[in-house]
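> Input: one structure, supplied below.
The values are calculated or read from the model by the stated rules, or taken from the named source; none is laboratory data. Source: prediction; values computed, not measured. Virtual Cβ from ideal backbone geometry, glycine too; neighbours counted across all protein chains shown. All accessible areas refer to the heavy atoms of the entire protein, side chains included, with ligands and DNA or RNA removed. Shrake-Rupley method; radii C 1.70, N 1.55, O 1.52, S 1.80 Å.
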Amino acid sequence: MEHVAEQASPPPHKDFLPFRFSAGTAAYYRLWLSNMLLTIMTLGIYSVWAKVRTQKFLLGHTELAGGRFDYHAQPLTILKGRILMLLVLVLWQLSASNRGLYFFIGLVLFLCMPWLITQALRFRLANTSWHRMRLRFSGRSRMAYLAYLKYWTLLTVSVGLAWPWAVQIKRRFIIEHIHLGQARLKQHDCIGSLYLCMLSALAYSMLCAMLLAVPFGLLWWLAHTAGLTFTPQDGSPPLELAMLLPTFGIAVTLYSSLNLLNSLLRRTLLAHTTLELAGKSHRIEWQVSDAQLFRLHLGNTLAMMLSLGLAWPWVHLRTLRLQLQPLALYGDGDFNTLRTSLQTPGEHSASGDELADMLGLEAGW
């Protein structure tokens with residue numbers, strides 16, 4: 001089994017809690033194949049059971065301070081949510097003949113998005129536990145609307161130039177309302193670093209474009225040298241077919257660049273996130289280099305291309321290993337107090353809104 005990152009080595013001081021991820025590729029492949037076959041056989045109905053099985057498998061192999069994570073959502077609850085959302089989407093599509101009604105339903109769905117995201121986060125965190133303690137989300141809908149109003153206003157007014165600032169606003173709303181017992185997370189300012197992430201991803205995409213331009217340019221020159229004009233009249237492949245390779249190269253570059261950008265953002269945001277408990281701040285660090293991220297996303301992109309998507313389980317686990325194994329929590333003061341406090345049951349209500357249970361939406365956190 002390939003490991004893209006070695007286990008993070010302890011720093012010089014003792015206040016150190018590493019994350020551990022022990023999932024095996026063969027076991028995950030078996031789970032993925034069985035989930036896919038059963039989902040196909042049941043015309044998609046089994047996908048909710050597949051989701052719960054996958055979440056339990058991945059979280060069950062994630063460990064912090066001797067305690068494992070777990071997922072507790074019930075498949076039937078998620079199935080009800082999916083049926084409801086499917087009915088709403090079908091109604092929206094059926095209203096396409098009535099332009100006014102179509103845009104009205106779309107506007108209502110858009111305006112409900114912050115509320116839906118809040119309910120989804122409550123559902124997901126209430127059904128996630130560490131060491132038999134449920135996580136919880138304390139954000140309210142009005143807070144979500146305020147955060148997303150700032151987010152969209154900044155993006156619109158700045159024509160996207162204030163995107164890192166907007167990302168931090170949305171991230172702060174989510175992160176600072178996540179609790180585990182008496183502990184909570186706090187997001188610190190890092191707008192300058194986020195801009196650097198964006199510039200790094202842009203430089204990476206330009207580098208990939210230049211690297212792709214060389215072989216594509218050479219192929220184009222060889223084709224013209226051989227007398228291929230790429231026009232339908234002379235029996236040669238039409239121009240549309242000739243553009244397939246460059247188009248594919250552009251798509252791969254964009255896909256790889258976006259994945260790299262997400263990883264750079266994640267590393268920066270985690271470096272500016274702390275765990276607040278008993279008046280002390282404990283920082284989170286993801287010790288991964290730019291070179292590791294580059295190799296990860298380049299390898300993932302090539303694997304998905306060459307395998308026509310069949311390498312997805314290997315790619316997914318490969319990514320999770322690099323995300324979790326170099327991740328650690330660094331203590332400020334007596335770390336034994338942190339361990340004891342985290343493992344002491346506090347206020348961790350798992351009773352999210354009933355509608356959140358019914359929707360069972362996905363939301364990143």
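> Taking only protein heavy atoms and a 1.4 Å probe, what accessible area per residue, in Å², does the stretch 29-108 have with all protein chains in place? Present the calculation step by step, with values, prior to reporting the outcome.
On the way: 4980 Å² over 80 residues.
For the stretch 29-108, the solvent-accessible area averages 62 Å² per residue.
> Could you tell me the calculated FRET efficiency between Asn262 and Ser95, based on Cβ-Cβ distance and R0 = 35 angstrom, to the nearest 0.05? Don't skip to the end; give the middle numbers.
Details: r = 34 Å, r/R0 = 0.98.
Efficiency, from the Cβ-Cβ distance: 0.55.
> Right, here's the next one. In square angstrom, what is the accessible area per residue of the stretch 285-324 with a 1.4 angstrom probe? Please report the intermediate quantities before stating the final value.
Numbers: 1820 Å² over 40 residues.
Solvent-accessible surface per residue comes out at 45 Å².
> Leaving out same-chain residues fewer than 8 places away, which lysines sit with a Cα under 22 Å from that of Lys150?
Cross-link targets: Lys170, Lys186.
> Next up: For the residue pair Leu298 and Lys186, what label-to-label distance in nm results when each label sits 7 Å from Cα along the Cα-to-beta-carbon direction?
Computed distance between label sites Leu298 and Lys186 equals 4.0 nm.
> Please report, as a whole percent, how much of the solvent-accessible surface of the stretch 16-127 comes from carbon and sulfur atoms (probe radius 1.4 Å). Kindly include the intermediate steps, with their values, before the conclusion.
Values: 4440 of 6070 Å².
That fraction is 73 percent.
> Oh, and also: Given just the C-alpha atoms of the stretch 129-174, how large is their convex hull per residue in cubic angstrom? Present the calculation step by step, with values, prior to reporting the outcome.
On the way: hull volume 2.9 nm³, N = 46.
Hull volume normalised by residue count: 64 Å³.
> Using 0.36 nm per residue, how much length does the chain from Lys80 to Ala278 gain when fully extended, once their Cα-Cα distance is taken away? Provide the component values of the computation, followed by the final result.
Values: separation 198, 0.36 × 198 = 71.28 nm, distance 3.99 nm.
Full-extension gain reported as 67.3 nm.
> If we sort 167-180, 95-108, 267-280 on the protection proxy, mean other Cβ atoms within 10 Å, highest first, what's the order?
The most tightly packed comes first, giving 167-180, 267-280, 95-108.
> Karplus couplings for the stretch 317-329 from phi (6.51 cos²θ - 1.76 cosθ + 1.60, θ = phi - 60°), rounded to Hz, Gly and Pro as x?
5, 4, 5, 4, 4, 6, 6, 9, 5, x, 8, 8, 10
> Under a crude label model (7 Å from the Cα following the beta-carbon direction), how far is Ser200 from Met143 in nanometres?
Between Ser200 and Met143, the simple spin-label model gives 2.9 nm.
> Report the calculated FRET efficiency for Ser158 and Thr42 (r = Cβ-Cβ distance, R0 = 41 Å), to the nearest 0.05.
Once rounded, the FRET efficiency stands at 0.30.
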